[in-house]
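A.B. asks: Structure in structure tokens, see below.
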Amino acid sequence: MKFTVAIPLGDITPGEFQTPDAVRTMSVALETAGIDACYVTDHPAPDAKWLHANGHDALDPFSAFAFVAAATTRLRMHTNIVVMAYRNPFLTAKSAATVQLLSGGRLILGVGAGYQKAEFEALGVDFHKRGKLFDEALKVIRQAWAGGPVEYQGTNFHAAGNEPRPAPNPSPPIWIGGGSDKAVERAARWGDGWSPFYAAPTMSQLNRDTGIHTVDQLGEKIAMLQGLRQQIGKTGRFDVAIGPKARLNYGHPGGADRFLEELRGLADVGVTWAMVEPPHPSRQAYIENVQWFGEEVVARLR
């Protein structure tokens, strides 16, 4: 089991998280704790009502990860998630390939279809075509990374012998986000991993409907996914990333016991990466929680 842990670069508390020193100290704390990867999300233009109700801010993930990569040597960087339909796929390919190249191959490109209609409208993208645009982008980004000219007639673009560079080798693994059957199908066909999420009351109705509700349901979907991969001849490593529902009692003896127990249950159904979001009332509190997690979870598990 590996761990990808949220790094709160989207938190706008003045002076706490969005400074060069904050990025360095938090990134180094994660790496020192033995954590495998950190993750950030993607919201270029979120709906203001959503943002101020129960939403979350975000820095540009690729720019932010350039700073994380420069501060570390081993820590991987995981976009959770980049919405592919927001961008021309060649622009996503360029940004991801640049981080992959200059980080020494440490990017995990988590991607999704998106769910916030107001954000699509602000970015000039048809919300109702997001599935088609997502599938198209998943196909084109692989071609862009392969090296050489690309020929592709897209919905909103036409590549007629264009040659994107760099061509990263190895290319970043692509993890498909979402819990729906369609997300499972996409992950099987196009992905190197699947990153579902638990349904929660604060989510949009769409996300509540497609989120994971139980470990048994998760196991059924993983089995379905592996069956689809076999049908289309997909082989090789495939990752599944989701965290336990159990809360960690940071800073307390035995505060990780239930979490570790649930983690073993997730491993039994095929989960390979656990996603974790430590509390961060301040930068120092975040660093202390990361250190505690390294001692009480990572060290104990390994």
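A.B. asks: Estimate the FRET efficiency between ALA70 and ASP268 by the formula 1/(1 + (r/R0)^6), using the beta-carbon distance for r and 45 Å for R0, to the nearest 0.05.
C.D. replies: Details: r = 38 Å, r/R0 = 0.85.
Taking R0 as 45 Å, the efficiency between ALA70 and ASP268 is 0.75.
A.B. asks: Given a 10 angstrom Cα cut-off, can you work out which residue in GLY251, GLY270, GLY219 is the most mobile in a GNM of the chain?
C.D. replies: With Cα springs under 10 Å in the chain, the top fluctuation among GLY251, GLY270, GLY219 is at GLY251.
A.B. asks: Once the Cβ-Cβ distance between LEU101 and ALA160 is put in as r, and R0 is 25 Å, what FRET efficiency do you end up with, to the nearest 0.05?
C.D. replies: Working: r = 26 Å, r/R0 = 1.03.
Efficiency computed from Cβ-Cβ geometry: 0.45.
A.B. asks: How much FRET efficiency would the formula 1/(1 + (r/R0)^6) give for ARG142 and ALA122, where r is the Cβ-Cβ distance and R0 is 30 Å, rounded to 0.05?
C.D. replies: Working: r = 28 Å, r/R0 = 0.94.
With R0 = 30 Å, the Cβ-Cβ based efficiency is 0.60.
A.B. asks: Note the listed values (i) 24.3; (ii) 19.9; (iii) 21.8, then indicate which one is Kirkwood radius over Cα pairs in Å calculated from this particular structure.
C.D. replies: Of the listed options (i) 24.3; (ii) 19.9; (iii) 21.8, (ii) comes from this structure.
A.B. asks: May I ask what percent, to the nearest 5, of DSSP beta bridges between residues of the chain are antiparallel?
C.D. replies: Numbers: 4 of 30 bridges.
If I count the DSSP bridges inside the chain, around 15 percent turn out antiparallel.
A.B. asks: Quote to one decimal, in nm, the extra length available between GLU295 and ARG237 on full extension: 0.36 nm per residue of separation minus the C-alpha distance between them. Can you show the working numbers first?
C.D. replies: Numbers: separation 58, 0.36 × 58 = 20.88 nm, distance 2.82 nm.
This chain segment gains 18.1 nm when fully extended.
A.B. asks: Also: With springs connecting C-alpha atoms under 10 Å apart, model the chain as a Gaussian network and identify which of GLY177, GLY34, GLY233 has the largest mean-square fluctuation.
C.D. replies: Of GLY177, GLY34, GLY233, the most mobile in the Gaussian network model is GLY233.
A.B. asks: Separate question: Among HIS43, HIS128, HIS56, HIS78, which comes first, second and so on when ranked by fewest other beta-carbon atoms within 10 Å? Mind showing how you got there, number by number?
C.D. replies: Details: HIS43 21, HIS128 9, HIS56 13, HIS78 30.
The fewest-first ordering by Cβ neighbours comes to HIS128, HIS56, HIS43, HIS78.
A.B. asks: Per 0.36 nm of contour for each residue apart, how much would the distance between ALA246 and THR214 grow if the chain were fully extended, relative to their Cα-Cα spacing?
C.D. replies: Working: separation 32, 0.36 × 32 = 11.52 nm, distance 1.24 nm.
Length gained between ALA246 and THR214: 10.3 nm.
A.B. asks: Just subtract the alpha-carbon distance of LYS182 and HIS56 from 0.36 nm times their residue separation and send over the number in nm, one decimal.
C.D. replies: Numbers: separation 126, 0.36 × 126 = 45.36 nm, distance 2.55 nm.
Stretched out fully, the LYS182 to HIS56 stretch lengthens by 42.8 nm.
A.B. asks: Can you give the relative contact order of the chain as a percent, counting alpha carbon pairs under 8 Å and 6+ residues apart? Working shown, then result.
C.D. replies: Working: 531 pairs, mean separation 56.0, N = 302.
Taking the mean separation of contacting Cα pairs over the length of the chain, I get 19 percent.
Just so you know, all these numbers are worked out from the coordinates, no wet-lab data involved. Please read all numbers here as calculations on a predicted model, not as lab measurements. As a convention, Cβ positions derive from the backbone with ideal geometry for all residues, glycine included, and neighbour counts pool all protein chains shown.
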